[in-house]
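The values are calculated or read from the model by the stated rules, or taken from the named source; none is laboratory data. Quick caveat: nothing in here was measured; it's all calculated off a predicted structure. Note that we place each Cβ from the backbone using ideal geometry, even for glycine, and neighbour counts take in every protein chain shown.
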């Protein structure tokens, strides 16, 4: 998406902040539209289908969390939450309902743009043609992941996954039985230029577990290796 002018929907109601943000983003080559409240955000999203959404959490009429959940229910478009330092709990909830990343206010424009371009590059790579050496279907136990169709089934039932969870699951399945460090997972899914902490990864793993662990009385398929990272536990691994 960096080969053309990427479109961004900024959802923010603070006038002085919006004005400066729009100027900075347009200077960086982005095409910007602004929504001043949650209802307008959903209307503009459906109308213009932006490449990326910058979403404040504190909004009139409809909360940022509700906006995030609504957008994610219909699209895998990258969503970056813009949050104040005092809203850590809301930020975690935002990641749980489908946001890809968050940036704490006040922030440097350079950092924000770097994160925006990183998620846009990953989105482009994920929707592009798969290399011929990449397995289209990976099956581990009751879980099957089809990269060409962007589909996941658990015990025969389809499970909808946002882009980041899909990429995490694919990486864990392909490396089933191996420990993948947090740094490895972040580097492969969020990219080497990711500048946040590991909280984003941990929240996405938590959400992924809730979608693929069908037996609440059993241990999770994704095991936390304290001090290292995560491992997909299984003795059965098939590829096609």
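In the set 59, 55, which member is over 18 Å from residue 7 (Cα atoms) and either outside the structural domain of residue 107 (by TED's automatic domain parsing) or touching a helix residue (DSSP H, G or I) at 6+ places or on another chain (Cβ under 7 Å) (or both)?
Details: 55 fails: over 18 Å from residue 7 (Cα atoms).
After applying the criteria, what remains is 59.
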From the option list 12, 111, single residue qualifying as over 24 Å from residue 191 (Cβ atoms), in contact with a strand residue (DSSP E or B) (Cβ under 9 Å, 6 or more places away or on another chain) and in contact (Cβ under 8 Å) with a residue 60 or more places away in the chain is 12
With criteria (1) modelled with pLDDT of 85 or more; (2) crowded, with 18+ Cβ neighbours inside 10 Å; (3) within 22 Å of residue 147 (Cα to Cα), residue 177 comes up short on (2)
Conditions (1) surrounded by 19 or more Cβ atoms within 10 Å (Cβ to Cβ); (2) at pLDDT 90 or above; (3) in a loop (DSSP other than H, G, I, E, B) -> residue 76 fails only (2)
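Specify which of the listed residues (20, 41) is touching a helix residue (DSSP H, G or I) at 6+ places or on another chain (Cβ under 9 Å), assigned by TED's automatic domain parsing to the domain that holds residue 76 and free of Cβ contacts under 8 Å to residues at least 12 places away in the same chain. Walk me through how you get there before you give the answer.
On the way: 41 fails: free of Cβ contacts under 8 Å to residues at least 12 places away in the same chain.
Going through 20, 41 in turn, the sole match is 20.
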Q. Is there a residue in region 51-60 that is surrounded by fewer than 23 Cβ atoms within 10 Å (Cβ to Cβ) and in a helix (DSSP H, G or I)?
A. no
By residue number, the members of region 1-31 that are surrounded by fewer than 18 Cβ atoms within 10 Å (Cβ to Cβ) and part of a strand (DSSP E or B) are 7, 31
Those residues of region 62-73 which are in a loop (DSSP other than H, G, I, E, B) and under 14 Å from the mean Cα position of the chain (by Cα) amount to 73
Q. Does residue 205 count as within 23 Å of residue 68 (Cβ to Cβ), in contact with a strand residue (DSSP E or B) (Cβ under 9 Å, 6 or more places away or on another chain), part of a helix (DSSP H, G or I) and at pLDDT 85 or above?
A. yes
